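The values are calculated or read from the model by the stated rules, or taken from the named source; none is laboratory data. Note that the structure is predicted; figures quoted are calculated from it, not measured. Every residue, glycine among them, receives a Cβ derived from its backbone with ideal geometry; neighbour counts consider all protein chains shown. Quick note on the areas: whole protein, heavy atoms, side chains included, nothing else; ligands and nucleic acids left out. Shrake-Rupley method; radii C 1.70, N 1.55, O 1.52, S 1.80 Å.
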Amino acid sequence: MLVNQNISLKPYHTFGIDVKTKYFVEVHHIKEIEEALAFQKQNHLELLILGGGSNLLFTKDFDGIVMKIALKGIAKIKEDEDFVWVKAAAGENWHEFVLFCIENGWGGVENLSLIPGTVGAAPMQNIGAYGVEIKEIFDYLEAYHLQSNEIQCFTNKQCKFGYRESIFKNEVKGQYLITSVVFKLSKKHTLNISYGDIQQILTKNNEEPSINNISQAVIEIRSSKLPNPKEIGNAGSFFKNPFVEKIHFEKLKSLYPQMPVYPVNEELVKVPAGWLIEQCGWKGYKNGDAGVHAKQALVLVNYGSATGKEIRDLSEEIKHSVLKKFGIALHTEVNIV
Ligand code: EPU
């Protein structure tokens, strides 16, 4: 196991912020995880577990050890007439995993094409896009308990998935390292084209809905709206779409009849944060190298050498203005370190 010292984290996360970590280690096997944890405990270091670094904003140098999860491997572990159970190691790239499933004719992940990050990070926040969340195809995961050094299983129910939420962001935060995830994928597909843009693209391209065509349509939509982190630093949606009480929403709707809305339950609706931020005039805003993406106001961007603090300050200004104009509190989706 090789422990690097004082290295830049810029290549290891998608916001491209130039911060350093005191120690950095890449783990490829469970044995290396054990060794890295022994080193961390011996030296009383703070630990940061890193997947693809696509949901992180660093605001300062990290004075501990960053452990990059590089566990690899994808295997079919079981199948019946209708389904196949596929186990993927935490360090596998999410989009490459999606493409592998599509090539093999396994359905359920196609709407989640081109999401940055790794397989192991995906359940942490129950990634979702274009009408599908990972919880719909998730069977169970294996996670390494950092205190007892034992591997434990978490079923779908035990993960307590919610909108961009799981038990790993709440009750057991910081206690486990996800090592692999098992997905239950379909051989006879139930396709989800409920998200309007997918339907439109299939019609435009004169294509039948299939897992491959849906994946291509999602790639087309994402590429047209979301900045490619290889070109412009970003971490996808910076905020969650807020839940708003129906009574409050009705009042706002009379003032802003164009306000889009998603139903949630009897009392609540969900309002797109991107719309709220755009209405406050932030879309395309730029101050130095920190900005708000010109095609999707929910995405904050680093045009080159913005600091994490500049991005965080901008996010606070945005929150403040949305609260002032609409009386709605935005909550950050990205993890700020
Ligand atoms: N909108 C605006 N202005 C904007 C952005 C959006 O008016 O600048 C409006 C759109 O016109 C649309 C609505 O807001 O009516 C929703 O926009 P969009 O379909 O782009 O999706 P979103 O709600 O902004 C969520 C996810 C994305 C996911 C898309 C598609 C969250 C926090 N974000 O965004 O996930 O790709 O839906 O399903 O739920 C991510 O989590 O990093 C992410 C990119």
Out of GLN125, GLN152, GLN296, a Gaussian network model of the chain with alpha-carbon springs under 10 Å gives the largest mean-square fluctuation to GLN152
Output the relative contact order of the chain, whole-number percent, from Cα pairs under 8 angstrom with separation of 6+ residues.
-> 16 percent
Enumerate the whole-percent occupancy of each 10 Å bin, from 0 to the last occupied one, for all C-alpha pair distances of the chain.
-> 5, 23, 32, 27, 11, 2, 0
The range 228-336, relative contact order in percent, only Cα pairs under 8 angstrom and at least six apart counted | 32 percent
Using a Gaussian network for the chain with springs between C-alpha atoms less than 10 Å apart, which of these wobbles most: PHE249, PHE238, PHE24?
-> PHE249
Solvent-accessible area per residue, Å², over the chain with all protein chains present [probe radius 1.4 Å] | 48 Å²
Treating only the Cβ atoms of Lys and Arg (+1) and Asp and Glu (-1) as charged, compute the dipole magnitude of the range 228-336 about its Cα centre; round to the nearest 20 debye.
-> 160 debye
Say the dipole of the chain comes from +1 at the beta carbon of Lys and Arg and -1 at that of Asp and Glu; which of ILE311, LEU146, PRO11 then lies farthest toward its positive end?
-> ILE311
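Which value results for Rg/Rh of the range 12-160 when Rg is the Cα radius of gyration and Rh the Kirkwood radius based on the inverse mean 1/r? If you can, show how the numbers build up before the last one.
Details: Rg = 16.5 Å, Rh = 16.7 Å.
Across the range 12-160, the Cα-based Rg/Rh ratio is 0.99.
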Difference of contour (0.36 nm per residue) and Cα-Cα distance, TYR256 to GLU165 = 29.8 nm
For the range 220-270, run through the GluC sites (Glu not before Pro) and keep only the ones in DSSP coil with at most 13 other Cβ atoms within 10 Å of their Cβ.
-> GLU231, GLU266, GLU267
Mind jotting down a quarter of the surface of the convex hull over the alpha carbons of the range 74-224, in square nanometres, one decimal?
-> 9.0 nm²
Looking at LEU48, HIS28, ALA90, which one has the Cα that reaches farthest to the positive end of the dipole of the range 1-143 (charges on Cβ: Lys, Arg +1; Asp, Glu -1)?
-> LEU48
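Taking loop as defined by DSSP and a crowding limit of 16 other beta carbons within 10 Å, which trypsin sites (Lys or Arg not before Pro) in the range 42-94 fit?
The qualifying sites are LYS60, LYS72.
Taking the Kirkwood radius as the inverse of the mean 1/r across Cα pairs, report the Rg/Rh of the range 228-336.
1.00
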Qualifying trypsin sites (Lys or Arg not before Pro) for the range 225-295 [loop in DSSP, other Cβ within 10 Å: at most 15] = LYS230, LYS295
At what distance in angstrom do the alpha carbon centres of the range 157-214 and the range 282-318 lie from each other?
-> 28 Å
Whole number please: convex hull volume per residue of the Cα set in the range 4-69, in Å³?
-> 74 Å³
Ranking by accessible area, most exposed first, for ARG312, ARG164 with a 1.4 Å probe = ARG312, ARG164
Amide H contacts under 5 Å for ALA235, restricted to residues at least 5 apart in sequence or on another chain and with H modeled in the peptide plane, are LEU300
24 Å Cα-Cα threshold exceeded, pairs from LYS10/LYS41; LYS78/LYS188; LYS157/LYS184; LYS22/LYS319; LYS230/LYS324; LYS173/LYS325 = LYS10/LYS41; LYS22/LYS319; LYS230/LYS324; LYS173/LYS325
Dipole size in debye (nearest 20) for the chain around its Cα centre, Lys and Arg Cβ +1, Asp and Glu Cβ -1?
-> 720 debye
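Based on the Cβ-Cβ distance from LYS325 to GLN200, what FRET efficiency comes out when R0 is 35 Å, to the nearest 0.05?
Result of the calculation: an efficiency of 0.70.
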Normalising by the residue count of the range 126-190, find the relative contact order in percent from Cα pairs under 8 Å and 6+ residues apart.
-> 39 percent
State the percentage of accessible surface on the chain attributable to carbon and sulfur atoms; use a 1.4 Å probe and exclude ligands, DNA and RNA.
-> 49 percent
Per the Kirkwood formula on distinct C-alpha pairs, the Rh of the range 78-131 is how many angstrom?
-> 11.7 Å
